[in-house]
1. Could you pull out every residue, at least 5 positions away or on a different chain, whose amide H is within less than 5 Å of the one on residue 74? Hs are placed 1.01 Å off N in the peptide plane, and Pro or chain starts have none.
2. Let me confirm the definition first: pairs of Lys residues in the range 46-150, 8 or more apart or on different chains, C-alpha distance under 21 Å. How many are there?
3. In deg cm²/dmol and to the nearest 500, what is the mean residue ellipticity at 222 nm of the chain if only DSSP H runs of at least 4 residues count, each as -39500 (n - 2.57), divided by the residue total?
4. Please give the charge dipole size of the chain, origin at the Cα centre, charges +1 on K and R Cβ atoms and -1 on D and E Cβ atoms. Round to the nearest 20 debye.
5. Going by how many other beta carbons lie within 10 Å of each one, how would you line up 134, 44, 87, fewest first?
6. Quick check: the angle from helix 8-35's long axis to the longest principal axis of the chain, C-alpha only, nearest 10 degrees?
7. If you take Cα extents along the principal axes in Å from the coordinates, which of (i) 48, 33, 24; (ii) 61, 40, 23; (iii) 48, 30, 28 do you get?
8. To make sure I understand, if each residue's beta carbon is the centre and we count other beta carbons within 10 Å, what order do 29, 86, 12 fall in, fewest to most?
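Just so you know, all these numbers are worked out from the coordinates, no wet-lab data involved. Only a predicted model underlies this, so the values are computations on that prediction, with no experimental measurement involved. Glycine gets a Cβ as well: all are built from the backbone with ideal geometry, and neighbour counts include every protein chain shown.
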Amino acid sequence: MNQKQPSQEELMEQLQKTLEERGRKALEMARNEVLQEEIECKETREALKYFITEYWHDLARPALLSLACEAVGGYPDITTPIAIPMTLISGAIDIHDDIIDRSKVKGSRLTVLGKFSKGIALLVGDALLFKGFTLLHKAVEEGGGTKRRD
């Protein structure tokens, strides 16, 4: 039997669908966590909001965490408490990398560095790191991601 191989476009569509299904919840929860923060500096608050709502659309990390958990017999949904901080930490690393590389534009979008300033970008990256590590500590303390299927 000769089965038709999916085209590259079909494979990319399937991949995007999987990333969306597995990563969207954690990304949205990470956004909500950040947007709830009370930040006094207006420019820093605007830069953080820009990054988390308009710029950062990383579904890959939370989706891969979910898929890896399932692959070893775990319940994919239990990865969310860990995926949220990992998403924020990853975003922070991306902002700090842009500062180091002096990347003001990626694709067709301005980075936080490109839209704001180096100092503001550094503050936003640091804020994401602090929030991410705080949530990661909380998730670990609560036993996040330790249940397996039998």
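1. Distant-sequence amide H within range of residue 74: 149.
2. 11
3. After summing the helix terms and dividing by residue count, I get -21500 deg cm²/dmol.
4. 160 debye
5. Sorted ascending by nearby Cβ count, the order is 134, 44, 87.
6. Result, in degrees: 50.
7. Read-out taken from this structure: (ii).
8. 12, 29, 86
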